Amino acid sequence: MPAARRFLFICGQDDFLVTRAAKERFDELARTAADEFSTEIIDGYAGNVAEVGSAIARFREAVLTVPLFGGRRVVWLKDVNFLADTVTGRAEGTLNLLSDLQELLGSVEPEETAVLITAAPVDRRRSFPKWCEKNADFILLGGEGESAGEALAAVAREEAKEQGASFGPGALELLLARAGSNTRLLVEEVRKLATYASRPVATVATVGNADSDAPVVIEESHVSALTPNAAEGDFFEAAEAFFSGDLQWTLSALRRHFFTGGSARPVISAFQNRNRLLMQVRALIDAGQVTVGARGLEGLPRVAARFSERLGEAAGEKSSFNLFTQNAWYLGKLVTGAKLPPLRRLIDNQHAFVAAFEECVRRPDEEEAVLRDLAVNCLA
C-alpha cells in the first residue's frame, strides 16, 4: 500500500450508515489479522476535550502495541464525534490533539497494523479531515450536493437491491414520507417490506407451483399497510378515514382507536395538522399558484421562494404550519387521496376541531362520543 494510503477513513453525516459500512470493512480486515487477539476496537465518542485525549491515548496504545507472536494487527477507532462543528470539535485542545493523531497516522505501517477510523458527522472544512482525504483511503457516504431526500432514497434502493427487491410506482416516495430521516428505521422497513413482498401467495392455483424467480416488487399498498408514519406522527387511521370523506370508515377507526386505550387529543391533533396543510394547499390551488401533477404538488419550490421569507424564523422549521417544508409528493397524495374540499369547508372543519377539543375538556369521560359527533357533523 502506498505511503499516501496508510489507513482507512470512513465518514458521513449519518452514523448508522457509516458504522454499517465500516463493519463490513473491519470484518474483511480482521481476516488478515494474526489471530482474534490482534483486533481491537476503540470507542472514539467524546463529550469534552479530556475525553478526546483519553480516546486518542487508547488508540495510540493500540496502534503501537506489538503482537506477542508477530503478525498483523487491526485497530478500529470507532464513532469519532470530535471532528464535527461543535464546541468540543472547535476547542484548541482538540485541535492540538488532532495534530498528534495526524503525526501518529502518518507513521503507521499498514503491512503491520491496519487502521480504520469512522466519524460522523464531520466538518470537512477543517484541516484534519482535509489531510485524511489526501493521505487515507477516504470514503464519504452521502456525497456533497446530494440532498437528504436523495441520500435516503439511494439507501432504500440499495437495501432493496440487496434483498432482491425493487420499488413499484409510488412505493419509495410513500416510504420516505413515513420513515422520515431515520435511516435505521428506513433500512429495517425495507427489509420487512421485501420479506412481505416475496411471500408466496397461497392459492389453489399456485400451491406447489410458486415461481421462485418472479421479481419481488414492493408496492405502494404494502407500504401503506405495513409502515407506520414515524416522520410526522399524524398518520392515524382515523385521519385517513376522515379526510377520505368516508363516515363509516371514520367511525370504525375511532372505535378501534378508543378500544385499544387511545385518547382524543392525538386524533384531534392529527385532524388539525392535516386540515391545516389542506387549507394552505387549497388556497394556493385556488390562486393558481400550484397544480397537482404526477410528481405531487408542482410549483411548490417557486411559491416557496416567493413567500417563505414572510415566515421569519419559522421558515426552516418543518411543521404543518409551514407548507413549504413538506414533501411535495406527500402533499400531492393528500390532495389526490380524496376530493379536496372547498376552503370554506376546511375552515369549518378547523372550527369544529377546536369545539371538539373544548368539549373533551368538559366531558373527559366521553371523548369517543365527542369525536363520533364530530365525524357525523362534518361528514354526514
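The values are calculated or read from the model by the stated rules, or taken from the named source; none is laboratory data. Quick caveat, the model's predicted, so the values are computed rather than measured. Using ideal geometry, Cβ is built from the backbone for each residue, glycine included, and neighbour counts are taken over all protein chains shown. Note: areas computed on protein heavy atoms with side chains; ligands, DNA, RNA excluded. Shrake-Rupley method; radii C 1.70, N 1.55, O 1.52, S 1.80 Å.
Couple of notes before you dig in:
- Accessible-area composition of the range 77-184, carbon plus sulfur, in percent [1.4 Å probe]: 47
- Under Karplus coefficients 6.51, -1.76 and 1.60, residue-wise ³J(HN,Hα) of the range 238-248 in Hz, glycine/proline x: 4, 5, 4, 5, 4, 7, 7, x, 8, 5, 5
- Accessible area in square angstrom per residue, the chain, 1.4 angstrom probe: 53
- Kirkwood-type radius of the range 1-132, with distances r between different C-alpha atoms, in Å: 14.9
- Nonlocal amide H pairs with ILE41, under 5 Å, H built at 1.01 Å: TRP76
- In terms of Cα atoms, the Rg and Dmax of the chain work out to 26.9, 82 Å.
- Over the chain: helical MRE at 222 nm, DSSP H runs n ≥ 4 each giving -39500 (n - 2.57), nearest 500: -16500 deg cm²/dmol
- Exposure rank, largest accessible area first [TRP76, TRP329; 1.4 Å]: TRP329, TRP76
- In the chain, lysine pairs with alpha-carbon atoms under 21 angstrom apart (chain gap of 8 or more, or interchain): 6
- Cα centroids of the range 267-293 and the range 13-33: 45 Å apart.
- Using a Förster distance of 41 Å, the FRET efficiency for TYR196-ASP100 (Cβ separation, nearest 0.05): 0.20
- Modelled spin-label separation between ALA91 and ALA57, with each label point placed 7 Å from Cα along the Cα-to-Cβ direction: 1.4 nm.
- In units of the compact-protein estimate 2.2 N^0.38 Å, the range 1-69 shows a Cα radius of gyration of 1.26.
- Top of VAL115, VAL223, VAL87 by mean-square fluctuation, Gaussian network on the chain, Cα under 10 Å: VAL87
- Computed from backbone phi, the HN-Hα couplings of the range 37-42 come to 7, 9, 10, 8, 10, 10 Hz, rounded to whole numbers (Karplus: 6.51 cos²θ - 1.76 cosθ + 1.60, θ = phi - 60°; Gly and Pro given as x).
- Kirkwood-based shape ratio for the range 67-200, expressed as Rg/Rh from alpha carbons: 1.10
- Residues with amide H under 5 Å from that of ILE218, placed H, sequence gap 5 or more: SER166, PHE167, GLY168
- Computed 3J(HN,Hα) for the range 134-139, one whole-Hz value per residue from the Karplus formula 6.51 cos²θ - 1.76 cosθ + 1.60 where θ = phi - 60°, is 8, 10, 10, 6, 9, 10, glycine and proline marked x.
- The range 238-284 - Rg over Rh from alpha carbon coordinates, Kirkwood radius: 1.05
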